[in-house]
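Okay, structure first, notes after.
The values are calculated or read from the model by the stated rules, or taken from the named source; none is laboratory data. As the structure is a prediction and not an experimental result, all values here were calculated from the model. Reconstructed Cβ throughout: ideal geometry from the backbone, glycine too, with neighbour counts over all protein chains shown. Accessible surface is based on the protein model in full, side chains and every heavy atom, while ligands, DNA and RNA are left aside. Shrake-Rupley method; radii C 1.70, N 1.55, O 1.52, S 1.80 Å.
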Amino acid sequence: VSLVIVPTAVDLIKNVQVQAILGPQTSSEVVFVVDIGNKTEVPIISFSATSPSISFTKTPYFIRTTLNDSTQVKAIAAIIEYFGWREVVPIYEDTDYGKDMIPYLIDAIQDVNSRVPYRSVLCFSPTDEQIRGELYKLMTMQTRVFVVHMRTSLGSRFFSIANEVGMMSNGYVWIITDGLTDLLSSMDTSIIGSMQGVLGIKAYVPGSEKLDNFRRRWKRKFLQDNPDIDEVELSVLGLYAYDSFWALAMAVEKLNTVSPLFKRLDNGTNTTDLENLGISENGPKLRDSILHTKFQGLSGEFWLKDGQLQSSTFKIMNLIGKGEREIGFWSSTHGLSGNSDLTTNTSSETNLRAIIWPGETTVIPKGWEMPTSERKLKVGVPKKDGFSDFVKVEKDQWTNATLVTGFCIDVFKAVVDSMKYALPYEFVPFEKADGESAGDYNEFVDQVYFQNYDAVVGDVTILANRSNYVDFTLPFTDSGVSMVVPVKYDNRKNAWIFLKPLTTDLWLTTGAFFIYTGFVIWVLEHGINKAFRGKFSQQVGMIFYFSFSTLVFAHKERIISNFASTAAPTNHHRHQRSQKNGDYVGYQSGSFVYGLAQSMGIDSSKLRPYDNVEEFHQALSKGSRNGGVSAVIDEIPYMKLLLAKYCTKYMMVGPTHRTAGFGFVFPKGSPLVPDISRAILNVTEGDKMEAIDREWFGQQVSCQEQGTTTSESLTLDCFKGLFMIAGVASAIAFLVFFIIFLYEHRNIITSECSVS
């Protein structure tokens, strides 16, 4: 057995014939030594090589008696999820130790619905200026949550410089991995002073009397040998080293083999070539003995799985003052917990203990800030000629400043004002140099994806294809697309309007089936029912009675609204007639509704674009025959604006095609989206939204004030024809009955007249 340095590995196996090698310190050392171990079948044991790239499955003679770096990534991700941070930047060194863990870390971060917008990589031995330059680059970005994974020597310099440039202040979040946290006690106090508020992940070691006694003895011995050092703590790495020696000693003792046995492959020349090192005959047995060794060590239960030490629990530390303190724990079975008793974990125990963040504050950082190079959010707004009630862009004639107003703008301002933190912004119109619009709404939204805007505010509809490239907030308007058509007042005084819902052939078919039904009933009842017997004329009358009585029988389901039986069929009839006649339909220029209308079966040649409410009104007033349209189709907010201005002239008809409504646009994964969405809920559920609605849409003259009723109730004139038919039929029936009665009783009437 030997504690190894890389240049001596070959010599130890060839000349000393060691049965195992314990102690390659770094992952790069292990890569070389493990190759020798696999060829000679000599177990290579490391208590400090943590790189996930070196595994037992690839190198069966490598045994890791420390934790794999990838075991801590879920604990880090749990902290990120706990505080709701949406973006995280890993900072690591460009070595096997630094970069091998990063893919596991990124996967864990993405599993908790966060993202990694950037990776900060430092070379193996960066200068102070290189570190400072990378930190300045990070300051220009939005993300303020960083995970630092590097060697202690580099980490000490890194945090010292981070403190100098002002990145250990309010709003920043720093999380260090196990390798740095475990060796904090070995750092200079000035370095610890520059790391105040940092969170750290550290392997959990359960307390025991045996451990306490060992620490006291070790500390006493260390301070005697190093009188210049005032304070020192034994690291978890030291405990792993101690347990590794014990595990190897127990395995050798269990194997009961002392003499080294090597099968030589000597070719007769005195060389140290790897091919001539030979193969250890005890190696496979010793390896298996180590893998099956279990005992209660200083670091806890020692047991190996897949050739490496197993541990499912980490402590979460907070650097305060001259040291660190526990704020919680994480285990693979219970997740985060503020309680060291990991056997149970109730909801109340999930909360971590109070944390002092960088800048000596207890306020939880939101995880992002506006970049220092551009403090204002660049918000794009649409430039359009119509529907200025929603968004209007104009120039101040005196100052030439851009003025942006409208319903959507006021909603955005109210949302930002209701947030718990300041969000500086400036509106930038989507326009060309000549002041005209720079494109349609799809091109407008694309500007966020191309990073020309930080956000987009306006009457922008949330659509599935747009959400592939950008993120939308929750909607702040009604959703859906509907159709508006002119109200036909002249039909109200048409005596035959009740015939409109059904076509002529349907009326004739219905009448024929009524008679047919009466005939069938007569056939079925004639033989058994005396009421269906008698003279031929009586039986024919019974057939017609049963036929047409269905028109007046009450149905089981009572109709509540008068509109149900009249307005709905009439609207359906109007749509069918419009399709047959090829009437034109209007839509808003540049809107996605153009494509939607085509998908609904409306030919593109029958679609006419318009820019504002007034053009909609003019086109509807003209009608399709006079160069206008018979209907307009658009989103409900626009249709409500049209009806608010011309409520007596038009009505909304037909089914509503569902859409998600208007929303604000942000880049994919933007941490602003959940905060803005919550603020939208607060605004839309309160009085502020009603005030904004009244300001922009509540000043229109109401229909009652215009002196015209908007009731769609049918008057007596609408059923004049129906009543006329019923009255005439009744009169004729009565007249026929009276004539027959007089005829059948003529003798009696004549005799009475003679007597008188």
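Residue 50 falls short on exactly one of the conditions (1) closer than 21 Å to residue 151 by Cβ; (2) part of a helix (DSSP H, G or I); (3) touching a Gly at 6+ places or on another chain (Cβ under 8 Å), and that condition is (2). Every test in (1) open to solvent by 10 Å² or more (accessible area, probe 1.4 Å); (2) outside any loop (DSSP other than H, G, I, E, B) is passed by residue 56 save one, and that test is (2). Only one of (1) open to solvent by 30 Å² or more (accessible area, probe 1.4 Å); (2) modelled with pLDDT of 95 or more fails for residue 146. Which number is that? Here residue 146 meets the rest and fails (1).
The conditions of being in contact (Cβ under 8 Å) with a residue 24 or more places away in the chain, on the phi < 0 side of the Ramachandran plot, of a type in the set (Asp, Glu) and in contact with a strand residue (DSSP E or B) (Cβ under 8 Å, 6 or more places away or on another chain) are met by residue 426. Screening residue 138 with (1) assigned to a helix (DSSP H, G or I); (2) touching a Phe, Trp or Tyr at 6+ places or on another chain (Cβ under 8 Å); (3) within 19 Å of residue 26 (Cα to Cα) gives one miss only, at (3).
Is it the case, given these coordinates, that residue 70 is modelled with pLDDT under 90 and either in the same structural domain as residue 285 (by the TED database) or within 28 Å of residue 172 (Cβ to Cβ) (or both)?
Here the answer is no, as residue 70 does not meet what is asked.
Is there a residue in the range 623-640 that is among the hydrophobic types (A, V, I, L, M, F, W, C) and assigned to a helix (DSSP H, G or I)? Yes, the range 623-640 contains a residue that is among the hydrophobic types (A, V, I, L, M, F, W, C) and assigned to a helix (DSSP H, G or I).
Taking the numbered list (1) crowded, with 21+ Cβ neighbours inside 10 Å; (2) in the same structural domain as residue 684 (by the TED database) in turn, residue 425 passes all entries but (1). Applying a threshold of 9 Å to beta carbon distances and a minimum spacing of six or more residues, or different chains, the list of pairs starting in the range 613-632 at a residue that is touching a residue at least 60 places away in the same chain (Cβ under 8 Å) and hydroxyl-bearing (Ser, Thr, Tyr) and ending at one that is open to solvent by 20 Å² or more (accessible area, probe 1.4 Å) and in a helix (DSSP H, G or I) reads 630/574; 630/578; 630/581; 630/624.
Per-residue answers, yes or no, for (1) of a type in the set (S, T, N, Q); (2) free of Cβ contacts under 8 Å to residues at least 12 places away in the same chain:
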{"position": "653", "(1), (2)": "no, no"}
{"position": "656", "(1), (2)": "yes, no"}
{"position": "668", "(1), (2)": "no, no"}
{"position": "671", "(1), (2)": "no, no"}
{"position": "674", "(1), (2)": "no, no"}
{"position": "683", "(1), (2)": "no, no"}
{"position": "686", "(1), (2)": "no, yes"}
{"position": "690", "(1), (2)": "no, yes"}
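Since residue 606 meets every condition but one in (1) touching a Gly at 6+ places or on another chain (Cβ under 9 Å); (2) free of Cβ contacts under 8 Å to residues at least 24 places away in the same chain; (3) basic (Lys, Arg), which condition does it not meet? Residue 606 satisfies every listed condition except (2).
Residue-wise test of (1) surrounded by fewer than 18 Cβ atoms within 10 Å (Cβ to Cβ); (2) in contact (Cβ under 8 Å) with a residue 24 or more places away in the chain.
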position	(1), (2)
91	no, yes
100	no, yes
110	yes, no
120	yes, yes
124	yes, yes
130	yes, no
133	yes, no
139	yes, yes
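Residues in the range 437-460 that are touching a helix residue (DSSP H, G or I) at 6+ places or on another chain (Cβ under 9 Å), part of a loop (DSSP other than H, G, I, E, B) and in contact (Cβ under 8 Å) with a residue 60 or more places away in the chain: 452, 453, 454, 457, 458, 459, 460.
Taking every residue in the range 206-219 that is in the same structural domain as residue 329 (by the TED database) and pairing it with any residue that is open to solvent by 90 Å² or more (accessible area, probe 1.4 Å) and small (Gly, Ala, Ser), at least 6 positions away or on another chain, yields no pair with a Cβ-Cβ distance below 9 Å. Of everything listed in (1) in contact with a helix residue (DSSP H, G or I) (Cβ under 7 Å, 6 or more places away or on another chain); (2) touching a residue at least 40 places away in the same chain (Cβ under 8 Å); (3) surrounded by 21 or more Cβ atoms within 10 Å (Cβ to Cβ), the single unmet condition for residue 159 is (2).
With the condition kept exactly as written, say whether any residue in the range 398-406 is at pLDDT 90 or above, more than 27 Å from residue 469 (Cβ to Cβ) and assigned to a strand (DSSP E or B). Looking through the range 398-406, at least one residue is at pLDDT 90 or above, more than 27 Å from residue 469 (Cβ to Cβ) and assigned to a strand (DSSP E or B).
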